[in-house]
């Protein structure tokens with residue numbers, strides 16, 4: 001016992017054997033149980049222990065000794081326990097086993113991995129050939145081929161299957177009972193409401209329509225109809241008709257010649273039909289009478305689109321070819337799956353979509369817009385604002401208000417003071433914006449604005465014989481162009497210009513609080529004026 005204080009279960013059996021107890025009790029245990037445990041119960045062969053390998057006769061004294069169990073366990077399990085050193089009944093000694101991890105297996109596998117037995121999986125659940133997230137039985141499965149979900153996810157199997165043989169077919173004794181397959185929701189499927197469980201019949205002049213299952217295991221009792229003076233047939237009261245209004249609620253007018261027809265009993269679910277009035281459910285979908293309105297990624301025509309029978313509206317299986325509703329521009333509908341259609345944004349914001357209407361070729365948040373950025377616009381509306389192309393907008397660094405003279409004839413001078421000048425054509429011919437024509441005027445128009453000391457630019461677009469024309473910035477020590485005048489900075493214009501951009505830098509004095517910009521011109525057109533920290537409108 002020197003060198004180890006751990007006593008293995010194998011060692012306990014050996015000690016008990018020395019007292020003459022274990023053999024008698026172990027003899028009463030059989031496979032797969034290997035020995036009688038301390039609680040007088042048969043203990044199963046532990047998966048994490050090594051096979052026994054010892055010698056009953058060991059030790060150096062020549063006496064009877066029992067060697068400890070030794071060996072190796074599987075990787076991923078509990079390491080094999082060290083064997084207990086042999087017990088020398090007559091003064092002998094023996095050596096103990098080794099305590100080490102198993103080496104004859106492979107690492108435990110994650111959820112979704114392929115497996116053969118539960119010991120292959122970290123969670124101990126090998127179901128349908130894959131490691132499963134939990135115990136998955138009945139009409140649920142863990143393999144994607146059975147559920148349409150990812151491998152390892154426990155989910156209801158697609159309707160029409162029974163991979164674990166959990167559902168009994170009771171239709172031999174109950175036409176509306178379970179039919180031996182799963183229903184796609186994790187339960188055994190009952191015969192659908194499209195199954196006829198009792199034929200139509202006549203009792204005298206009373207017509208009894210076909211009876212169908214109720215989908216819950218019972219056969220419905222249909223409402224009877226008196227045919228009155230008309231003959232009763234298994235197709236219904238043979239009443240002549242020319243419109244649907246001529247027939248009772250359980251019948252429809254089947255036109256047989258021109259506008260003349262005969263009242264016929266409405267058809268049960270699953271029957272081929274082209275109009276809802278032909279069906280007892282008053283619903284037609286996918287060419288058959290259906291138990292409910294059935295659109296999108298559901299179908300009523302049965303296999304191969306669904307795992308059910310015709311007449312039942314069910315989710316289509318993942319491998320079906322039914323398409324989702326047509327996508328709108330800048331959106332697309334994914335292929336159908338058991339989960340239904342997924343409508344997602346098509347393309348990234350700003351990307352063009354050829355299905356968009358003219359004038360709005362780009363996508364934004366799943367809709368068509370004219371633009372997302374300025375580069376998607378052009379003259380005469382070069383700026384993008386609110387996803388629409390508009391007249392050029394001033395930059396955020398421009399100190400002036402309405403520097404492009406935007407608006408109508410009554411609002412184009414908004415934020416400006418003017419005397420003799422008039423509005424004229426916009427520099428870029430943009431509708432809704434203007435330029436200003438200066439016949440011969442000084443400081444007209446002008447605008448007062450807040451300004452702090454620092455370096456700036458003044459500029460704009462100009463057209464005309466500009467000799468003698470200039471733009472002046474005057475600085476003031478007080479707000480609202482009050483206090484002392486601190487000086488001026490001029491942008492001189494020379495030569496003949498045609499809406500040419502011109503600008504010049506200047507420095508506002510140290511005590512500047514406000515300034516005004518004014519136009520001094522002769523036969524000069526002006527637009528897109530700016531005063532700011534960048535040489536741009």
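The values are calculated or read from the model by the stated rules, or taken from the named source; none is laboratory data. Quick caveat, the model's predicted, so the values are computed rather than measured. FYI the Cβ positions are ideal-geometry reconstructions off the backbone, even for glycines, and counts take in every protein chain you see.
A few notes on this one:
- Some residue of segment 514-531 being out of contact with any helix residue (DSSP H, G or I) (no Cβ under 7 Å at 6 or more places or on another chain) and modelled with pLDDT under 90: no
- Per the conditions (1) surrounded by 22 or more Cβ atoms within 10 Å (Cβ to Cβ); (2) out of contact with any helix residue (DSSP H, G or I) (no Cβ under 9 Å at 6 or more places or on another chain); (3) at pLDDT 85 or above, the sole criterion not satisfied by residue 236 is (3).
- Residue check, residue 126 free of Cβ contacts under 8 Å to residues at least 40 places away in the same chain and either surrounded by fewer than 20 Cβ atoms within 10 Å (Cβ to Cβ) or in contact with a helix residue (DSSP H, G or I) (Cβ under 8 Å, 6 or more places away or on another chain) (or both): yes
- Among residues of segment 255-278 being touching a helix residue (DSSP H, G or I) at 6+ places or on another chain (Cβ under 8 Å) and not in a loop (DSSP other than H, G, I, E, B), the one that is surrounded by the fewest Cβ atoms within 10 Å (Cβ to Cβ) is 277.
- Within segment 323-366, the set of residues being at pLDDT 85 or above and part of a strand (DSSP E or B) comprises 352, 362, 363, 364.
- Residues in segment 398-410 that are surrounded by 15 or more Cβ atoms within 10 Å (Cβ to Cβ) and either over 21 Å from residue 458 (Cβ atoms) or in contact (Cβ under 8 Å) with a residue 60 or more places away in the chain (or both): 398, 399, 400, 403, 404, 405, 407.
- Within segment 130-155, restricting attention to residues that are part of a loop (DSSP other than H, G, I, E, B) and touching a helix residue (DSSP H, G or I) at 6+ places or on another chain (Cβ under 9 Å), the residue that is surrounded by the fewest Cβ atoms within 10 Å (Cβ to Cβ) is 150.
- Residue satisfying all of: in segment 172-185; at pLDDT 90 or above and in a loop (DSSP other than H, G, I, E, B); surrounded by the most Cβ atoms within 10 Å (Cβ to Cβ) among these: 176
- Only residues that are over 53 Å from the mean Cα position of the chain (by Cα), within 12 Å of residue 457 (Cβ to Cβ) and either without any contact (Cβ under 8 Å) to a residue 60 or more places away in the chain or surrounded by fewer than 17 Cβ atoms within 10 Å (Cβ to Cβ) (or both) were counted across segment 504-537, and they come to 5.
- Residue in segment 302-312 that is at pLDDT 80 or above and over 27 Å from residue 156 (Cα atoms) present: no
- If you go through segment 441-477 and keep only what is part of a loop (DSSP other than H, G, I, E, B) and more than 60 Å from the chain's Cα centre (by Cα), you end up with 442, 443, 444, 466, 467, 468, 469, 477.
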